[in-house]
Amino acid sequence: MRPAMTFSALALLTLAAQAQPALERGKYLMEGIVACGNCHLARGPQGQPLFEKGLSGGLPFDEPVFMAYAANITPDKVTGIGNWTDAQLGKAIREGMRPDGRLIGPPMPIEYYRHLSDADLAAIIAYLRAQPAVRNAVPKSSYKMPLPPNYGPPLQSVQAPPRSEQLKYGEYLANIGHCMDCHTARDERGMPVPGRVGAGGMEFKGPWGISVSRNLTSHESGLKSWSDAQIARAIREGVDRQGQPYKPPMAYPFYKNINDADMAALISYLRSLAPVANGGKT
């Protein structure tokens, strides 16, 4: 029996070693560019993070066309995702479909998460599995607008561009970080305004008052006169060129963890956006 036991122990160690890079990548993504905690982290009445409750959700999104609540995405088996398989969790994140067949509505940015590569999706799932289970029942979201039947055809396999292709990889990061989900103005139906991608102008109401997403395009009213260092500082620290703080809800506490190579790729992509007149300033 000893050889079998030794083999089993080695197999477990091998699996653990293989899982570690995925978990590290998941931590980097979740606590960086993807920033799921910006919505799913439990919060107090003034919007303050309740770190002891982890990603147990509950943050309300009160909009004219919906009343949504961030879901509990901890491994709790009663109120969270503890009973979901990896495949079900992946389908929910990347295709917006719950295990029971119901569609996940806004503000979950499914159209951007569809760009998540297979490897990064697996890394995020590994990270979620490693979080403490927190019992927190979240109200169901309700919508006054019809939801689409789906967010596109079923995805088979998605690969990220190579990091050596800086512009394409920067676009990939902007997609999985759903930057344009907030930095593009929307019409009364909540749909992105055509021709204004990245031009800002979307309003956000919260305990901080009202903030308006700024223009990220290369227009004069956008980032044209900003240096790369100023853009990086704004993303990581949440301050403008004069050092004045921006208001929430941009995920500065998460974006500070974006490494230099990824930040350079992201800025490269932002520089490539066609100039569009100002849509707003936070």
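How about the stretch 93-121: which of its residues are under 17 Å from residue 161 (Cα atoms) and crowded, with 17+ Cβ neighbours inside 10 Å?
Within the stretch 93-121, 112, 113, 114, 115, 116, 120, 121 qualify.
The residues in the stretch 171-193 that are in a helix (DSSP H, G or I) and acidic (Asp, Glu) can be counted, and the count is 2.
Of the residues 199, 185, only one is crowded, with 16+ Cβ neighbours inside 10 Å and modelled with pLDDT under 90; which?
Selected residue: 185, the only one of 199, 185 that is crowded, with 16+ Cβ neighbours inside 10 Å and modelled with pLDDT under 90.
Within the stretch 248-261, being assigned to a helix (DSSP H, G or I) and either crowded, with 19+ Cβ neighbours inside 10 Å or among the β-branched types (Val, Ile, Thr) (or both) holds for 254, 255.
Inspect all residues belonging to the stretch 130-143 and state whether any of them is surrounded by fewer than 17 Cβ atoms within 10 Å (Cβ to Cβ) and of a type in the set (Phe, Trp, Tyr). Checked the stretch 130-143: at least one residue is surrounded by fewer than 17 Cβ atoms within 10 Å (Cβ to Cβ) and of a type in the set (Phe, Trp, Tyr). Small (Gly, Ala, Ser), under 20 Å from the mean Cα position of the chain (by Cα) and closer than 30 Å to residue 25 by Cα, is that true of residue 164? Answer is no for this residue.
Just one of the numbered conditions (1) in the same structural domain as residue 82 (by TED's automatic domain parsing); (2) exposed (fewer than 13 other Cβ atoms within 10 Å of the Cβ); (3) of a type in the set (Ser, Thr, Tyr) is not true of residue 157: (1). For the stretch 143-178, filtering for residues that are closer than 19 Å to residue 250 by Cβ and touching a Leu at 6+ places or on another chain (Cβ under 7 Å) leaves 4. The set of residues in the stretch 63-92 being surrounded by 18 or more Cβ atoms within 10 Å (Cβ to Cβ) and touching a residue at least 60 places away in the same chain (Cβ under 8 Å) consists of 68, 70, 71, 72, 74, 76. Residues in the stretch 151-205 that are closer than 20 Å to residue 65 by Cβ, aromatic (Phe, Trp, Tyr) and touching a helix residue (DSSP H, G or I) at 6+ places or on another chain (Cβ under 7 Å): 151 only. Note on the stretch 206-238: residues that are aromatic (Phe, Trp, Tyr) and touching a residue at least 24 places away in the same chain (Cβ under 8 Å) amount to 1.
In the set (1) within 18 Å of the chain's Cα centre (by Cα); (2) of a type in the set (Val, Ile, Thr); (3) over 16 Å from residue 251 (Cβ atoms), the condition left unmet by residue 235 is number (3). Is at least one residue of the stretch 4-19 over 19 Å from the mean Cα position of the chain (by Cα), at pLDDT below 95 and surrounded by 11 or more Cβ atoms within 10 Å (Cβ to Cβ)? Yes, the stretch 4-19 contains a residue that is over 19 Å from the mean Cα position of the chain (by Cα), at pLDDT below 95 and surrounded by 11 or more Cβ atoms within 10 Å (Cβ to Cβ).
The values are calculated or read from the model by the stated rules, or taken from the named source; none is laboratory data. Note that the coordinates shown come from a computational prediction; the quantities given were computed from them, not determined experimentally. Here the Cβ is made from the backbone with ideal geometry for all residues, glycine too, and neighbour counts use every protein chain on show.
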